[in-house]
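Working notes, structure below.
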């Protein structure tokens, strides 16, 4: 109960301050918030056998900032501290996460726009055994984007980004320490007032910290897509294309002799407002993901997720589920086939708007993974259930 006292006190403070609305000092807008969630996790180490359960408290304290410099320049920033507290093996599982972001948007003459964003995260990955601490990791992502019309209905954008990954303390995860550069351009065409067609190109460079050259590569992404109103009552983004990877080093188990790997990919995030106060959301993505598992340098994730939500007065009910096929690139050591996983999820959420500044929620989620790999006697399959209750106050 002690871990609930501080969140309760802060929520009370928020309730007293909420009536005043957002805090403003001239053109600076300050939006503090506090949230707490109490959950029961049936399998905190994601194991098939010998499962350990735990009550978990997740408390977040943060602030979002917005500052307007005239009519053309917006500055934004924010910070969140997240505290994780476990009943089971607290020394191993308890953690503190720090999240920060800063950005600027400048509206230039002739409908041109320049934006710069930086996101920093000091977080941890879930522990896998009682003897293994959570893997602390630092990630920093910076992106700059310039958008401008060309002529008539055509427009273009230039974008460049850099992402840095650094795993701390757990030596086994050092294999994923890397930097990634991504730069390219978008060409757009206004099909309709609220619909754009897009042709995108990105050049990428992967550079791993460990001097093994196993994962170092350059790649090219080419995509076609639609953005905006895709059809009546249907909005979102649809993209499809190919990634062409060229690895610096060959490996004996590579899919082909040249280590030149082409992967078809796509993404879709669509919202269909079938009737008022009802949303059907489809999220689908097929893309490559970096991994340090065995000899594989990456795996291809094919994910489909569908959710249905309905608002009834102040309550929003959401029912959703997803299926992901994970295909590793190279054969697993000791097997004549690559590892393949199937991840299945189901969830039910109820969100209640107590006040404009106060939200409560209840949720249930089920996760299961089926794997064809039992290398070295390790079983990668698991089943996991989580029940949670949450409360969030926004000043």
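Listing for the model above:
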{"item": "Single condition residue 227 does not satisfy, out of (1) crowded, with 17+ Cβ neighbours inside 10 Å; (2) closer than 27 Å to residue 292 by Cβ; (3) without any contact (Cβ under 8 Å) to a residue 60 or more places away in the chain", "result": "(2)"}
{"item": "Test result for residue 305, part of a strand (DSSP E or B) and closer than 30 Å to residue 215 by Cα", "result": "yes"}
{"item": "Test: residue in the range 86-98 that is modelled with pLDDT of 90 or more and touching a helix residue (DSSP H, G or I) at 6+ places or on another chain (Cβ under 8 Å)", "result": "yes"}
{"item": "Whichever residue in the range 348-360 is in contact (Cβ under 8 Å) with a residue 60 or more places away in the chain and part of a strand (DSSP E or B) and, among such residues, is nearest to the chain's Cα centre (by Cα)", "result": "358"}
{"item": "Odd one out for residue 12 among (1) modelled with pLDDT under 85; (2) more than 25 Å from residue 101 (Cα to Cα); (3) surrounded by 13 or more Cβ atoms within 10 Å (Cβ to Cβ)", "result": "(3)"}
{"item": "Set 48, 55: member being surrounded by fewer than 17 Cβ atoms within 10 Å (Cβ to Cβ), modelled with pLDDT of 95 or more, over 23 Å from the mean Cα position of the chain (by Cα) and within 30 Å of residue 369 (Cβ to Cβ)", "result": "55"}
{"item": "Within the range 259-277, tally of residues that are modelled with pLDDT under 95 and surrounded by fewer than 16 Cβ atoms within 10 Å (Cβ to Cβ)", "result": "7"}
{"item": "Yes/no for residue 74 being within 24 Å of the chain's Cα centre (by Cα) and either surrounded by 17 or more Cβ atoms within 10 Å (Cβ to Cβ) or over 19 Å from residue 159 (Cα atoms) (or both)", "result": "no"}
{"item": "Strands (runs of 3 or more DSSP E) contained in the range 23-138 and holding at least 2 residues over 30 Å from residue 351 (Cα atoms)", "result": "54-69, 73-86, 95-108, 112-125"}
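Quick grid of which residues meet (1) over 26 Å from residue 58 (Cα atoms); (2) within 25 Å of the chain's Cα centre (by Cα):
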{"site": "305", "(1), (2)": "no, yes"}
{"site": "334", "(1), (2)": "yes, no"}
{"site": "380", "(1), (2)": "yes, yes"}
{"site": "393", "(1), (2)": "no, yes"}
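The values are calculated or read from the model by the stated rules, or taken from the named source; none is laboratory data. Only a predicted model underlies this, so the values are computations on that prediction, with no experimental measurement involved. In this analysis, Cβ positions are derived from the backbone assuming ideal geometry, glycine residues included, and neighbour counts consider all displayed protein chains.
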